[in-house]
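Take a look at the structure set out below.
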Amino acid sequence: MNFLKTRWDIGRLGCCGTIPLTWLTVLSLPLTGAFMNRPNPNFLRPAPGGRQAVKAPQPGSFAWALVIAIALLLLVIGLSVLHPWTRSTADVPPASQAAAAPDSIAVDPVSEHRIIFGGLPRARRTDIQFTILRNTAYIVGYCEQRKDPLWSAYRVTRNAGDFHLARPKGNFLTDTRTLAQVTHHDFTGSGYDRGHMTPNRAIATDYGPEAQLETFLLSNICPQAPALNQQVWERLETNELEYANRFSDVWITDGPIFADLSGGPAKTLRSGIHIPQAFYKILVENHAGKPHAFAVIMPQTVKGTERPDQFVASIHEIEEKTQLEFLPTLDDKTRHSLKDQPSLMW
C-alpha cells in the first residue's frame, strides 16, 4: 500500500516539478539568445605555437548560462525525488501502533476439533512410544509393544436432555489401524474386563451411535479388574456427565499405569496384552477462562465400594508414574498451578 502511494506521489510531484522547469526554460530563452549573439573574444584564442587554448567559461558567456541551467534542472529534479520519500516515511506508523508481536497473541488451549485441552500428551522418555489414532470423538495414544492405549483423550459437553443410546450388542472391535490386531477373544477367560478408557455412554450422549461404536475399538481398551471397571471407575464416568452439565465442557485424559515403569514386574495376559497396575484420570474445565483440574489414580485392587475422591492425586505424580507429559502447550504458570498440587474433586 505504501509502495503504491509512493509511486503515485512521485508521479504527481514529477508532473508538478515540470511546471517550474518549463517556465525556467521559457524565461531563459531571451537570455540564452543574448549570450549566443554576443561575441566573447576571450572564449577561444589561438595559443602560441598554433595550438588552441580552451579557457574556463567567463561570466556572461553562453557556456556559463548553460551551467546555471543544468544546475537549476538538477535542483528541481532532486527536490521532486526527495519530497515523496519524506512523505512515504511519514506514512509508516510509529512503533507503538505496529502489530503485536506473535508471542503476545493468546494461544487457544483447545485443539483437535475441541477434543484436546492443553495439547496432546508427550513421552518423557525415548522408550515410551505410541501411535496417535484419531476417532470421531476421541484420540488415543496406542502402544503396539504393550497392546494397550497409553492415553485416551475426549471431551464431555453439556447435555440438556435425557438422551441415551443402548450399549451395542456383539463383540468388541479389532482396530485394523494397529499392528497388534488385538481381538475380542484375547481377553476371554483372563478374569479381567475389557475396560473402556474413553467411555461409551458419554460419547453416545454427545456424538451419536457411530462415535459410540468407535469406543468399542480394542485400541481404546485395557484389562481392568471387574470391581474397578464396573463400580469405582464407572462412578467417576457418571460424575463426568454431571461436571459437563455444570461447566459446559470438561476435557478428560485417562489411561493405564504399568508397574514396570517404577521398577515393578511386568504382567501380561496370555495374549501378550500388558496388565496395568493402576489407572489415572485427569479432568480439566475452563468455563471462566481460568482452568481448573483434578486427577485420580485408582489401583486395580479396589473393593468397589470406594468413592472416586478417595484416590485424588496430582498430575505431576501421574507424570512420574506414566513417564508422559500432560498439558504441554499451556504457559508455564498455568501448567505448574494445575500439576503441582492435588486438587479436590469438584
Residues (in a loop (DSSP other than H, G, I, E, B) and within 35 Å of the chain's Cα centre (by Cα)) located in region 259-276: PRO276
So for region 184-194 (the condition being part of a loop (DSSP other than H, G, I, E, B), at negative phi and among the polar types (S, T, N, Q)), does at least one residue qualify? yes
Could you list all residues from region 296-321 that are touching a Phe, Trp or Tyr at 6+ places or on another chain (Cβ under 7 Å) and in a helix (DSSP H, G or I)? ILE315, ILE318, GLU319
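Being of a type in the set (Ser, Thr, Tyr) and either farther than 22 Å from PRO226 by Cα or in contact with a helix residue (DSSP H, G or I) (Cβ under 7 Å, 6 or more places away or on another chain) (or both) is the filter here, so list the residues in region 258-305 that pass it.
Looking only at region 258-305, we keep the residues that are of a type in the set (Ser, Thr, Tyr), and these are 262, 268, 271, 280, 301, 305.
Answer for region 258-305, where residues must be of a type in the set (Ser, Thr, Tyr) and either farther than 22 Å from PRO226 by Cα or in contact with a helix residue (DSSP H, G or I) (Cβ under 7 Å, 6 or more places away or on another chain) (or both): SER262, SER271, TYR280.
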Considering each of ALA266, ALA259 in turn, give the residue that is in the same structural domain as THR238 (by TED's automatic domain parsing), of a type in the set (Gly, Ala, Ser), at pLDDT 95 or above and touching a strand residue (DSSP E or B) at 6+ places or on another chain (Cβ under 8 Å). ALA266
Which condition number in (1) under 22 Å from the mean Cα position of the chain (by Cα); (2) not in a loop (DSSP other than H, G, I, E, B) is the one that THR136 fails? (2)
Residue within region 232-251 that is within 23 Å of ALA180 (Cα to Cα), in contact (Cβ under 8 Å) with a residue 12 or more places away in the chain and either not assigned by TED's automatic domain parsing to the domain that holds THR183 or not acidic (Asp, Glu) (or both) present: no
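Residue-by-condition table, conditions (1) surrounded by fewer than 21 Cβ atoms within 10 Å (Cβ to Cβ); (2) touching an Asp or Glu at 6+ places or on another chain (Cβ under 9 Å):
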residue	(1), (2)
GLY263	yes, no
GLY272	yes, yes
LEU283	no, yes
GLY289	yes, no
ALA295	no, yes
GLU320	yes, no
SER337	yes, no
Checklist (1) modelled with pLDDT under 95; (2) within 29 Å of the chain's Cα centre (by Cα); (3) farther than 18 Å from GLY255 by Cα applied to ALA204, failing item: (2)
Mind checking which residues of region 313-337 are touching a strand residue (DSSP E or B) at 6+ places or on another chain (Cβ under 6 Å) and without any contact (Cβ under 8 Å) to a residue 60 or more places away in the chain? ALA313, ILE315
Given the conditions (1) exposed (fewer than 15 other Cβ atoms within 10 Å of the Cβ); (2) closer than 26 Å to GLN300 by Cβ, report the number of the one that HIS164 does not fulfil. (2)
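The values are calculated or read from the model by the stated rules, or taken from the named source; none is laboratory data. Fair warning: this is a prediction, and the values are worked out from it, not measured in the lab. Positions of Cβ are generated from backbone atoms using ideal geometry, with glycine treated the same way; all protein chains shown enter the neighbour counts.
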